[in-house]
Amino acid sequence: DYFTGADPTEIKKIISDELAKGEVQGVWMDAGDGAVAAIEASEDAGKDLPVMTGEDELSFLRKWEETGIDALAPVYPNFQWRTPLLALEKIFKGEEVPAEWVLPQTPIPAEELDDWRARNEGMPDGHYAKFGGEDLPGYPEVWQQRQIP
């Protein structure tokens, strides 16, 4: 029940405060880097790691693999930016836009973690494993060389 502004320091503080009150059994995060901060709060407190979601951002996938935490990596959020653009393109072409747009992304479950990590070898922490732009010019070199704050 918290909104953090995607600030890892705030996320870590919130989880630390909740751990001080008692057991945290699960954490739902809609961003990978924030999920890493939540995991680190549990590690710092010496507590068992909770069940976690953290998106398909590589920082989370790497931490998930490192810790062996029970987790799931939802993929939907990182495709929200392109769906309206695809709809706009269809509208300009005079094509029908579906009333309900079912996005093709499925989460990364534990049994697919190794595969998705291998497919994204050499990519920076802020990269999304299932971002869908593998056919873009300069991929993967441009993505590997970019600076992510």
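Could you please let me know if Val51 is without any contact (Cβ under 8 Å) to a residue 40 or more places away in the chain, open to solvent by 30 Å² or more (accessible area, probe 1.4 Å) and in contact with a Gly (Cβ under 8 Å, 6 or more places away or on another chain)? For Val51, the condition - without any contact (Cβ under 8 Å) to a residue 40 or more places away in the chain, open to solvent by 30 Å² or more (accessible area, probe 1.4 Å) and in contact with a Gly (Cβ under 8 Å, 6 or more places away or on another chain) - is met.
In the condition set (1) at pLDDT below 85; (2) under 14 Å from the mean Cα position of the chain (by Cα); (3) closer than 24 Å to Ala110 by Cα; (4) not polar (S, T, N, Q), Asp56 is compliant with all but (1). Residues of region 18-29 that are open to solvent by 70 Å² or more (accessible area, probe 1.4 Å) and not in a loop (DSSP other than H, G, I, E, B): Ala20, Lys21. Criterion applied to Asp70, Asp56 was being of a type outside the set (A, V, I, L, M, F, W, C) and over 21 Å from Pro124 (Cα atoms), and the one residue passing it is Asp70. Scanning region 30-48 for residues that are part of a loop (DSSP other than H, G, I, E, B) and open to solvent by 60 Å² or more (accessible area, probe 1.4 Å) yields Asp30, Gly46, Lys47, Asp48.
The values are calculated or read from the model by the stated rules, or taken from the named source; none is laboratory data. Computed from a predicted structure; not experimentally measured. Heads up, the Cβs are rebuilt from the backbone with ideal geometry, glycines too, and the neighbour counts pull from every protein chain shown. Ligands, DNA and RNA are stripped out before the accessible areas are found, and what is left, the full protein with its side chains, is counted by its heavy atoms. Shrake-Rupley method; radii C 1.70, N 1.55, O 1.52, S 1.80 Å.
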